[in-house]
Amino acid sequence: MANPIAADQYEANPRTGRIVLDVGGYIAGGGLVLALDDGSQTFPVAAEKSQALAARAASLDRALAGLSLAERLAAIRAGLDGAIVFTTSFGLEDQVILHHICDAGLDIDVVTLDTGRLFPETYAVWEETERRYGRRIRAIYPHQAALEDLIAAQGINGFYYAKQARIACCDVRKVEPLKRALAGAQGWITGLRAEQSVDRVKVGLVIADRERDLLKFNPLIDWSRQALEEFASAHEVPINALHQRGFLSIGCAPCTRAVRPGEPERAGRWWWEDGSKKECGLHVAAGAAR
């Protein structure tokens with residue numbers, strides 16, 4: 001390990017990470033670093049890369065702040081050379097973003113995570129959306145073996161009985177598929193809004209997602225639900241029928257209920273759990289928690 005030519009530290013524990021080795025000017029291999037003898041040792045390459053990502057996120061955050069949604073999306077596409085992925089769950093926010101992407105013909109990959117337990121209404125609006133905009137939306141599914149192991153271990157609805165079981169279900173059905181959806185991407189676009197929950201108030205317009213080594217864009221972060229509804233109505237954007245029945249945030253069918261008057265938008269997610277933090281793990285790196 002005397003000649004590392006590239007390194008990627010694990011943010012939560014910088015004494016661990018990954019490394020590529022150089023012998024005689026050639027890549028000779030690499031692997032995981034489980035621990036460093038001296039906790040003071042660091043890899044400048046990883047630190048500089050992380051700092052550069054954070055600086056670019058801060059710069060883009062300032063640049064996009066005063067723009068419209070259409071201008072933000074166009075600037076995001078123009079500002080990155082590599083692939084950009086937009087992940088949609090076909091909720092109100094995602095439908096408005098998708099409308100703008102399709103209307104402008106932006107080269108942005110549109111992906112959905114099909115957990116296998118979505119509402120029939122979600123599949124219906126998925127089909128309607130593809131017909132409306134004339135494009136196929138790429139679906140990513142859980143790995144079969146991992147899903148079979150999960151159900152064998154906790155049962156078909158085991159997530160109701162322990163929070164760790166629910167998190168394990170989200171990991172298999174959402175978090176791991178997201179890794180595959182974002183593989184090789186430089187940018188990730190989401191429908192997060194500050195108004196959705198107390199945790200998302202802290203989220204910025206552009207985030208340096210160090211865990212995934214990409215820039216995460218939340219172009220609707222400062223939008224209100226009313227503004228989204230008005231836009232969708234004016235432009236005939238396909239909307240999930242569940243929204244009209246009080247489902248303001250829609251996930252998997254067994255894990256989502258309608259929101260009661262006065263409740264936060266995401267109160268209906270994992271409704272049997274105590275606490276106000278309502279996240280599945282997709283947006284933990286953005287400052288939210290499971």
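Inter-part distance, region 67-130 to region 208-254, computed on C-alpha centroids, equals 10 Å. With a Förster radius of 22 Å applied to the C-beta separation of GLU229 and ARG135, the computed FRET efficiency comes to 0.40. Database remark: amide H of ARG269 closer than 5 angstrom to the amide H of ARG257 (H placed geometrically; neighbours at sequence offset of 5 or more, or on other chains; Pro and chain starts carry no H).
Please work out the average accessible area per residue across region 144-239, using the 1.4 Å probe convention, and give it in Å². Don't jump to the answer; show the numbers that get you there.
Values: 4370 Å² over 96 residues.
Dividing the accessible area of region 144-239 by its residue count gives 46 Å².
For region 44-137, what does the alpha-carbon gyration tensor say about shape, rounded, prolate or oblate, given a ≥ b ≥ c as the root eigenvalues, a/c under 1.5 as rounded, and a/b over b/c as prolate? Here region 44-137 falls in the prolate category.
Packing around the peptides 161-167, 265-271, 81-87, taken as the average count of other Cβ atoms within 10 Å per residue, puts them in this order, highest first: 265-271, 81-87, 161-167. Across region 84-97, rounded Karplus estimates of 3J(HN,Hα) from the backbone phi angles (6.51 cos²θ - 1.76 cosθ + 1.60, θ = phi - 60°) give 10, 10, 10, 9, 10, 10, 6, x, 3, 4, 5, 5, 5, 5 Hz, Gly and Pro being marked x.
Note the full-extension length gain between ALA52 and CYS102 as 0.36 nm times their separation in residues minus their Cα-Cα distance, in nm to one decimal. Present the calculation step by step, with values, prior to reporting the outcome.
Numbers: separation 50, 0.36 × 50 = 18.00 nm, distance 3.11 nm.
14.9 nm is the gain from fully extending ALA52 to CYS102.
Under 5 Å between amide hydrogens, built in the peptide plane, is the criterion, and for PHE247 it picks out VAL259 among residues at least 5 positions away or on other chains.
Sorted on the mean count of surrounding Cβ atoms within 10 Å across their residues, most packed first, peptides 59-69, 243-253 read 243-253, 59-69. 3J(HN,Hα) along region 112-127, derived from phi through the Karplus expression 6.51 cos²θ - 1.76 cosθ + 1.60 where θ = phi - 60°, amounts to 10, 9, 8, 6, x, 10, 7, 5, x, 5, 5, 5, 5, 6, 4, 4 Hz, with x in place of Gly and Pro.
Couplings 3J(HN,Hα) for region 243-255, derived from phi with the Karplus relation 6.51 cos²θ - 1.76 cosθ + 1.60 (θ = phi - 60°), are 4, 6, 10, x, 8, 7, 10, 10, x, 6, 4, x, 10 Hz, where x marks Gly and Pro.
The values are calculated or read from the model by the stated rules, or taken from the named source; none is laboratory data. Computed from a predicted structure; not experimentally measured. A quick note on method: Cβ atoms are made from the backbone with ideal geometry, for glycine too, and the neighbour counts reach across all protein chains shown. Just the protein is used for accessible areas: all its heavy atoms, side chains included, with ligands, DNA and RNA removed. Shrake-Rupley method; radii C 1.70, N 1.55, O 1.52, S 1.80 Å.
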